[in-house]
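Just so it is clear, none of the values below were taken in a lab; they were calculated from the coordinates. What you see is a predicted model; the values in this text were computed from it and never measured. When we count neighbours, we look across all protein chains shown, and the Cβ atoms used for this are built from the backbone with ideal geometry, even at glycine.
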Amino acid sequence: MVCDKEKGRGKRSGGPDAACGPPTLLRIGEVELRLLRKRIRNLHLRVSPPDGRASLSAPYRMPLEAVRAFAASKLDWIRRKQTEVRGRPPAVPFSYGDGEGHYLWGESYPLRVIENAGPARVELCSGEILLRIPSGTPQEKRGSLLNAWYRSRVREAALSAIALWEPRMGVRVEGLAVQRMKTLWGSCHVRRRRIRLNSELAKKPADCFEYVVVHEMTHLLVRLHDDRFLALLDRFLPDWRVRKQRLDAFPRRPAD
Ligand SMILES: [Zn+2]
């Protein structure tokens, strides 16, 4: 699982159904973390905008000492992330107006809004993202049309990447789902051999997208982020660390 807030070994978020207890405050040095006990298997650490609040989700049964030791080992990361998050200008919502910049595979394209009588449609044409909509289409609908288009781009690219990597890795992917996710770039249901990808990946550079696909496919060979997993990633994509860094560093939107 690749998470856009914190990636590393043995951290996995609970699903939407993960039961959740009231948060308690954990203090390590000058850093304060909200500790949430959940019905999950692994620790999950995140630093949220705009104030850089740090939260750590932990399995119910994990002893507090183990949780503290994990948090202490991540202090440098938390401090770094907090500085980064606090210095970030607040996200401005898209207006989906003519000329607004939107990313596709790491490149920013101006949106060209064409209001006409035909059916709604999005396409990339001559360096612009054309958004054809009936006149008077509200902003929210424009956004959902664009998001549906990003979802199709990810699906299309994922099918090609999977077809390319299946024989190289000797694995078989049985199912693919693409949806908008808040904290994960991707996840893998090992038993069902199913991969889920974040539709927002369509905005990132293509080599970062490929890293996420290969990362999730590697879980079909090794479930956890252990040494075997890392060794396989090193073999499949020797530059995966650079790709992952670029993915984390890449702005969420042109205005960022
Ligand atoms: Zn993973």
(request) Convert each backbone phi in the stretch 177-193 into a coupling constant with the Karplus relation 6.51 cos²θ - 1.76 cosθ + 1.60 (shift: θ = phi - 60°), then list the ³J(HN,Hα) values in order as whole Hz, x for Gly and Pro. (result) 10, 10, 8, 7, 10, 7, 10, 10, 7, x, 8, 9, 8, 4, 5, 8, 6
(request) Just the ratio, please: alpha-carbon radius of gyration of the chain over 2.2 N^0.38 Å, N its number of residues. (result) 1.10
(request) Using only Cα atoms, find the angle between the long axis of helix 139-169 and the longest principal axis of the chain, and express it within 0 to 90 degrees, rounded to the nearest 10. (result) 60 degrees
(request) Take the Cα radius of gyration of the stretch 198-239 and divide it by 2.2 N^0.38 Å, with N its residue count; two decimals is plenty. (result) 1.20
(request) Would you kindly compute the Cα radius of gyration of the stretch 101-249 and its largest Cα-Cα separation (Dmax), both in Å? (result) 17.3, 57
(request) Please order 188, 125, 208 by the number of other Cβ within 10 Å, starting at the fewest. (result) 125, 188, 208
(request) Taking the chain as the reference, fit the longest principal axis to its C-alpha atoms, fit the long axis of helix 64-73 to the helix C-alpha atoms, and give the angle between the two in degrees, 0 to 90, nearest 10. (result) 60 degrees
(request) Order by neighbour count: 24, 137, fewest other Cβ atoms within 10 Å first, most last. (result) 24, 137
(request) Once you've got the Cα coordinates, tell me which of 81/182; 74/203; 81/141; 38/204 are over 27 Å apart. (result) 74/203; 81/141; 38/204
(message) So if I take the centroid of the Cα atoms in the stretch 61-76 and the same for the stretch 224-245, what is the distance between those two points in Å?
(response) 25 Å
(message) Which of 78, 28 has the fewest other C-beta atoms within 10 Å, and how do the rest follow up to the most?
(response) 28, 78
